[in-house]
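Each remark here refers to the structure printed beneath this line.
The values are calculated or read from the model by the stated rules, or taken from the named source; none is laboratory data. These numbers were taken from a predicted model, which means no experiment stands behind them. Cβ placement follows ideal geometry from the backbone for every residue including glycine, while neighbour counts extend to all protein chains displayed.
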Amino acid sequence: MKVRVIVPCYNETAILQRTIDKLQEILDIDAQKQGYTYDLLFIDDGSKDTTIDILQQAAAQSSVVKFLSFSRNFGKESAMIAGFEHSVDCDAVVMIDADLQHPPELIPEMIKAYVEGYDQVIAKRNRDGESAARKWMTRLYYKMINYWVEDIELIDGIGDFRLLSQRAVRSLVSMGEYNRFSKGLFAWIGYNTKIMSYDNVLRDAGESKWSFKSLLNYAIDGLISFNNKPLRMMIYLGVSIFGLSLLYLIYLLIDTLLHGIAVPGYLTMIASILLMGGIQLISIGIVGEYIGRIYYEVKQRPKYIVRAANVAQPKKEPLDIPYTNHIQLDDKE
């Protein structure tokens, strides 16, 4: 059995060597216990520090360390799909962050669950140590997105830290969309799933790459990627405003017949203009967001460009997704 651990990296000089050592320490022991081989695939997402130098040195010292280095920063979504595309022949693939906030100690338990027959083994963290404001905003986001999004359910605390079977990886790779929202894609492919909980771990070194702006953009990606409800909402809103406007015109007509022509109200006119103008701008913005995504999809640009690597390039022919795993499950969810 071949297990690969994929580690996206961006400016992780402060902690990367510790991450490499920790992963090797844990997996060297567990590989002997459970009888598998493994390697570590680090995706350098165009780092501006010495991340790639550390990876090259580690690869020279250990054959289990593999790396891909992008020509520039393409984003974590591109780093993840690059790792999956280069791992379609591995029996199991683990996705983990480079900052050790995802505890590597869970990987042996994930592999045990995979051997039992699960295609996705997901690590779910609690939010101990986070501020009350952040917890509240996170809960609000998940309530909102689960209300809007159809077909899937996103769970608070579940992120990218998970193990995927070969057929789950191939399913993800077979979806060629440019604008990817992996949280939704992981849920969308389904398969036999097991969830493991762990305590929230604070970052030891380095800085978070997620600013408020990037988190907001990520939230919008999640909202837009898996539904067309905002477009439909504009139709409902337009019909509602048309109905209210028609009722208001009838009211003005009756008032004119009963009391004669009155001087038009300045407040009413300004309020109507601002209301309709705001709704129109919001509607155009929502439609534009969808059109923009279509624009990026039809250009069919590559999701990433590799400048250096010590791992074989992925296959380009269509992937055959096996219908059965190495253990067939009939009685598990």
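Of these, 23, 27, 55, which one is under 16 Å from residue 311 (Cα atoms) and either modelled with pLDDT of 90 or more or not in a strand (DSSP E or B) (or both)? Outline the logic, then answer.
Working: 23 fails: under 16 Å from residue 311 (Cα atoms); 27 fails: under 16 Å from residue 311 (Cα atoms).
From the options 23, 27, 55, the qualifying one is 55.
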Scanning for something modelled with pLDDT of 70 or more, assigned to a loop (DSSP other than H, G, I, E, B), touching a helix residue (DSSP H, G or I) at 6+ places or on another chain (Cβ under 6 Å) and of a type in the set (D, E, K, R), does region 91-105 turn up at least one residue?
yes
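Which residues, taken from region 65-87, are in a helix (DSSP H, G or I) and of a type in the set (D, E, K, R)? Spell out the reasoning first.
Of the residues in region 65-87, the ones in a helix (DSSP H, G or I) are 76-85.
Hits for region 65-87 are 76, 77, 85.
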